[in-house]
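Presented below is the structure to which this report refers.
The values are calculated or read from the model by the stated rules, or taken from the named source; none is laboratory data. Note that the structure is predicted; figures quoted are calculated from it, not measured. Quick reminder, even Gly has a Cβ in these numbers, built from the backbone with ideal geometry, and neighbours come from all protein chains shown. Areas reflect the complete protein model, heavy atoms only, side chains present, ligands, DNA and RNA absent. Shrake-Rupley method; radii C 1.70, N 1.55, O 1.52, S 1.80 Å.
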Amino acid sequence: GAGVSQTPSNKVTEKGKYVELRCDPISGHTALYWYRQSLGQGPEFLIYFQGTGAADDSGLPNDRFFAVRPEGSVSTLKIQRTERGDSAVYLCASSSSGTGGETQYFGPGTRLLVL
Amino acid sequence: AQSVSQHNHHVILSEAASLELGCNYSYGGTVNLFWYVQYPGQHLQLLLKYFSGDPLVKGIKGFEAEFIKSKFSFNLRKPSVQWSDTAEYFCAVNDRNTGFQKLVFGTGTRLLVSP
């Protein structure tokens, strides 16, 4: 594809609900990353996939957050029992192979608002 | 853990003024360094990056950055800014401890260029 795409662009939900955020990386990119950007902050790393497997999930804040990439392409970030503090922009990025120095290409993000 | 400091949170310049945005990182080992830019309404995109070789790196749109290892710095410069440079600028680092995968971002600098 032309770039990283993310859906939905905006999501409003109520506290306690479950949400899924989708990322479609650049075609052929094996590495996929999720970041979260809160207001006034830079993006913070959540999880990194190499192919289908989560190679580093050290940034997931707690067990309410989970991500999958079953076929090594599209990824879904899942948040259970959402809390108001989960409100942020969730960014997805991909790179061609995940080796050092590569450029990570970012999508437009999903703006999540938990009421 | 790696951290990145961007000391200027907001910068206001007139067109044709020179720009220098500071970036310092904490980890002293082998690092890759990046500057990303986010124009209003757009997604994060790479301005320039350094991972080896000449410490003076040239990027798109006339931007450059200098890696000074002894100062743990990677400051961004542009000799003459334009109104179209109005954006938010993020410095980011990855390092050997994380296999050069996850990016650690600074909090960003909002640049406003007045015409």
Those residues in segment B:21-62 that give up at least 40 Å² of accessible surface, probe 1.4 Å, once the partner protein chains are present instead of the chain by itself are B:36, B:43, B:44
Residues of segment B:75-115 buried by at least 40 Å² on assembly (accessible area, 1.4 Å probe, chain alone as reference)
B:101, B:102, B:103, B:105, B:107
Show me, for segment B:86-99, the HN-Hα J-couplings you get by feeding each phi into the Karplus relation (A = 6.51, B = -1.76, C = 1.60, θ = phi - 60°), rounded to Hz, glycine and proline as x.
4, 4, 10, 10, 10, 8, 9, 9, 10, 8, 4, 4, 10, x
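Enter the accessible area per residue of segment A:36-100 (Å², integer; probe 1.4 Å; all protein chains in place).
Value for segment A:36-100: 44 Å² per residue.
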Minimum 30 Å² accessible area buried by the other protein chains, segment A:75-114 residues, probe 1.4 Å, relative to alone:
A:100, A:101, A:103, A:104, A:106
In percent, what relative contact order does segment B:4-114 have, based on Cα pairs under 8 Å that are 6 or more apart in sequence?
38 percent
The answer for segment B:32-115, accessible area per residue at 1.4 Å probe in Å², is 45 Å²
Leaving out ligands, DNA and RNA, what percent of the accessible area of segment A:27-115 is carbon and sulfur, probe 1.4 Å?
49 percent
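Using the crude model of +1 on Lys and Arg Cβ and -1 on Asp and Glu Cβ, and no other charge, please compute the dipole size for the protein assembly as shown relative to its Cα centre, in debye to 20.
So the dipole magnitude of the protein assembly as shown works out to roughly 280 debye.
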Take the alpha carbon atoms of segment B:9-24, find their center, do the same for segment A:69-96, and report the distance between the two centers in whole angstrom.
33 Å
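List the GluC sites (Glu not before Pro) within segment A:1-62 that DSSP assigns to loop and that have no more than 16 neighbouring Cβ atoms inside 10 Å.
Answer in residue order: A:14.
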Percent accessible area from carbon and sulfur atoms, chain B, protein chains only, probe 1.4 Å
53 percent
How much length would be gained if the chain were fully extended between residue B:61 and residue B:26, taking 0.36 nm per residue of separation minus their Cα-Cα distance, in nm to one decimal?
9.8 nm
Cβ-derived FRET efficiency at R0 35 Å, residue A:68 paired with residue B:39, nearest 0.05
0.65
Listed residue (A:82, A:93, A:103) projecting farthest to the positive dipole end of chain A, Cβ model:
A:82
Charge dipole (debye, nearest 20) of chain A; +1 at Cβ of Lys and Arg, -1 at Cβ of Asp and Glu
420 debye
Selection from B:6, B:76, B:32 lying farthest towards where the dipole of chain B points positive, charges on Cβ:
B:32
Counting only protein heavy atoms and rolling a 1.4 Å probe, how much accessible area do A and B lose on contact, total for both sides, in Å² to 100?
1500 Å²
Taking each residue of A:40-46 in turn, how many C-beta atoms of other protein chains fall within 10 Å of its C-beta, and what is the average?
6
